[in-house]
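To start, the structure under review is shown below, and the notes come after it.
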Amino acid sequence: MQKNQSALVLHSGGQDSTTCLFWALKHFEEVRTLCITYGQRHSQEVTIAQKIAKEANVPFQLLDATLISRLAQNALTNPDMEMDQEQPAGSYPNTFVPGRNLFFLTSAAVVARSHGIKNIVIGVSQADYSGYPDCRDTFIRSANATLNLAMDEQFIIHTPLMWLNKAEVWALSDRLGVLNIVKKNTLTCYNGIPAEGCGHCPACKLRNAGLNEYEKNKSKYE
Ligand code: ZN
């Protein structure tokens, strides 16, 4: 694709963004990561993201954005809140952090610009998740246009997972030759347990169901 270009990957150390990191390494000459903290319950996400970046031999940059968790309450940052296991009728689960991806993309664009980078990679998907509005393709296109206007730049936001369900994300990591790295080294679990996680939080259920489906029906995903 853009082998002579560079890319900035928004990386949290989870399955999706780690798959995106290796996707970017395949498609771009130079890659760097930006890890944004926003007061998540589990600070080891940062340690894990840093370790993965080191092993992938890419620069790691950390940005503290805990102000996001001070703007409004959500279950990812407030340990006193019980996480919604299902999506409540007519609303979003309390794991939704309003404005997060807009904030992340804005920060990523500013950092990318300072390094002369035009490509920004984010691991959002609208196929198989809780339907968060800021994971949708229309939002990403709109944010891309806005950031270009805001900074008079020609950023391209890449969303390699946009139309993939979880099993297909596993298939992609397998095609990239990093299935085991993603399986063993990432942290997706809302309870902060790496690899296969606690098994019962919404993030674990989605991740593990996708992996089971992929491993059972591999030939379907070739
Ligand atoms: Zn879990």
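Below is a table of values for the structure above.
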item: Number of the exception - D174 against (1) among the charged types (D, E, K, R); (2) within 16 Å of the ligand (Cβ to nearest atom); (3) touching a residue at least 12 places away in the same chain (Cβ under 8 Å); result: (2)
item: Matching option when the condition is away from the ligand (no atom under 16 Å from the Cβ) and within 19 Å of the chain's Cα centre (by Cα), among L179, L211, L206; result: L179
item: Qualifying residue in region 130-140 (condition: closer than 13 Å to Q15 by Cβ and either touching a Leu at 6+ places or on another chain (Cβ under 7 Å) or open to solvent by less than 40 Å² (accessible area, probe 1.4 Å) (or both)); result: no
item: Criterion: under 20 Å from L25 (Cβ atoms) and open to solvent by 20 Å² or more (accessible area, probe 1.4 Å) - qualifying residue of I122, I156; result: I156
item: Within region 18-38, tally of residues that are open to solvent by 10 Å² or more (accessible area, probe 1.4 Å) and either within 15 Å of L176 (Cβ to Cβ) or free of Cβ contacts under 8 Å to residues at least 24 places away in the same chain (or both); result: 6
item: Residues within region 39-62 that are of a type in the set (A, V, I, L, M, F, W, C) and either open to solvent by 60 Å² or more (accessible area, probe 1.4 Å) or part of a strand (DSSP E or B) (or both), tallied; result: 2
item: Whichever residue in region 192-202 is free of Cβ contacts under 8 Å to residues at least 24 places away in the same chain and within 9 Å of the ligand (Cβ to nearest atom) and, among such residues, is farthest from P79 (Cα to Cα); result: E196
item: Residues being open to solvent by less than 60 Å² (accessible area, probe 1.4 Å) and of a type outside the set (V, I, T) - total across region 105-115; result: 5
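The values are calculated or read from the model by the stated rules, or taken from the named source; none is laboratory data. Keep in mind it's a predicted model, so treat the numbers as computed, not measured. Because the Cβ atoms are built from the backbone with ideal geometry, glycine has one as well, and the counts that use them run over all protein chains shown. The protein model used for the area step is the full one, side chains on, heavy atoms only, and it has no ligands, DNA or RNA in it. Shrake-Rupley method; radii C 1.70, N 1.55, O 1.52, S 1.80 Å.
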